Amino acid sequence: MKHKAFIFDLDGVIVDTAKFHYLAWKSLANSIGIDFTEAQNEQLKGVSRVKSLEKILTWGNKTLTDDEFMELMSRKNEDYLEYVNRMTKDDILPDVDRVLDFLIENNCKIALGSASKNARMILRKVELINKFETIVDGTNVTKAKPDPEVFLKAAEQLNVNPEDCVVFEDSVSGVQAANIGNMISVGIGEKAFLHEAKYIFKDFTEISFDFLKDL
Ligand code: BG6
Ligand code: MG
């Protein structure tokens with residue numbers, strides 16, 4: 001393995017929480033009379049909670065007071081956490097364990113790079129928190145993806161150069177962040193959305209040990 005460090009996004013890469021974010025945003029948007037499509041949802045992947053609500057309000061042509069805005073943000077998160085609270089380690093996406101364990105056995109450094117403020121809690125719930133040497137999440141960054149801050153911080157904490165990092169991402173903004181940060185981007189999901197990634201796989205079941213070794 002030429003690359004020394006592997007940075008994983010969380011939502012939609014390690015666990016299927018992307019669909020919970022979608023359901024929670026959809027019901028929130030609909031409750032204030034705004035339509036919300038899956039294509040719009042694609043634009044929210046990797047985007048912080050505040051920015052996501054701002055985008056939804058722009059699409060719906062709606063303005064709110066600061067108090068109303070805060071109220072909706074917490075309502076969305078409460079709704080989202082109801083789904084998350086039911087999660088167990090069975091909700092880890094297929095073959096994520098296999099890939100993580102292979103990388104760890106081969107002495108690679110593993111980090112999490114997520115926009116979510118719920119990241120640590122989710123990793124604890126699915127019993128993966130101990131596999132990560134460092135975690136950079138929505139509580140540690142000021143600039144949202146596609147800004148590479150989250151990944152650059154992870155590289156710095158792992159003490160490796162950005163060029164020596166590989167990033168696994170399911171969002172367009174996350175793939176862009178990895179590319180801007182001079183890291184190797186591996187898109188997890190649909191080619192139609194993730195074509196800017198250096199490599200694209202539908203999920204981790206398609207990622208072979210040979211591919212990882214050659215990286
Ligand atoms: C990202 C998700 O990982 O985290 C986004 O892709 C989400 O959909 C963002 O909005 C922030 O997450 P949270 O859990 O702090 O609301
Ligand atoms: Mg994601």
Worksheet item: Considering the dipole of the range 18-84 built from charges on the beta carbon (Lys and Arg +1, Asp and Glu -1) around the Cα centre, which of Asn30, Leu44, Met70 is farthest to its positive end?
Response: Leu44
Worksheet entry | Relative contact order (%) - criterion: Cα under 8 Å, at least six apart; region: the range 18-84 | 46
Worksheet item: With every protein chain present, what accessible area does Glu105 have (1.4 Å probe, heavy atoms only), rounded to the nearest 10 Å²?
Response: 140
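Placing +1 at every Lys and Arg Cβ and -1 at every Asp and Glu Cβ, with all other atoms neutral, what dipole size does the range 18-84 have around its Cα centre, in debye to the nearest 20? Working shown, then result.
Numbers: 9 positive and 11 negative charges, 53 e Å.
Roughly 260 debye for the range 18-84.
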Worksheet item: So what is log10(I(q)/I(0)) for the chain at q = 0.10 1/Å, when the Debye sum runs over its Cα atoms only?
Response: -0.42
Discussion item. Net charge around Leu194, counting only other residues with Cβ within less than 9 Å of its Cβ (Lys, Arg = +1; Asp, Glu = -1)?
Written reply: -3
Worksheet item: Between the range 1-70 and the range 138-169, what's the alpha-carbon centroid distance in Å?
Response: 20
Worksheet item: With charges only on Cβ, +1 for K and R and -1 for D and E, what is the dipole size of the chain about its Cα centre, in debye, rounded to 20?
Response: 220
Item to complete: Using only alpha carbon pairs under 8 Å that are at least six residues apart, calculate the relative contact order of the chain and give it in whole percent.
Response: 27
Response to the item:
the chain accessible area per residue, 1.4 Å probe, protein heavy atoms, integer Å², reads 49
Discussion item. How high is the relative contact order of the range 97-215? Use alpha-carbon pairs under 8 Å, at least six apart in sequence, and give a whole percent.
Written reply: 18
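Test of understanding: what is the full-extension gain from Gln43 to Met1, defined as 0.36 nm times their sequence separation minus their Cα-Cα distance? Mind dumping the intermediate values first?
Details: separation 42, 0.36 × 42 = 15.12 nm, distance 3.28 nm.
Full extension of this stretch gives 11.8 nm more.
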Item to complete: For Asp16 and Glu127, compute 0.36 nm times the residue count separating them, minus their Cα-Cα distance, and round to one decimal in nm.
Response: 38.5 nm
Worksheet item: Can you list the residues of the range 169-194 with backbone N under 18 Å from a point 7 Å past the Cα of Tyr83, pointing along Cα to Cβ?
Response: 170-172, 189-190
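At a 1.4 Å probe, what is the % contribution of carbon and sulfur to the accessible area of the chain?
Working: 4900 of 10450 Å².
Heavy-atom surface of the chain belonging to carbon and sulfur, 1.4 Å probe: 47 percent.
Between Asn30 and Asp67, what FRET efficiency comes out of the Förster formula 1/(1 + (r/R0)^6) with R0 = 30 Å and r the beta carbon distance, rounded to 0.05? Before the final figure, lay out the partial values.
Details: r = 21 Å, r/R0 = 0.71.
Plugging the Cβ-Cβ distance into 1/(1 + (r/R0)^6) gives 0.90.
The values are calculated or read from the model by the stated rules, or taken from the named source; none is laboratory data. For clarity, every value in this text was computed on a predicted model and none was experimentally measured. With ideal geometry, Cβ positions are generated from the backbone for all residues, glycine too; neighbour counts draw on all protein chains shown. Only protein heavy atoms, including side chains, enter the accessible area calculation; ligands, DNA and RNA are left aside. Shrake-Rupley method; radii C 1.70, N 1.55, O 1.52, S 1.80 Å.
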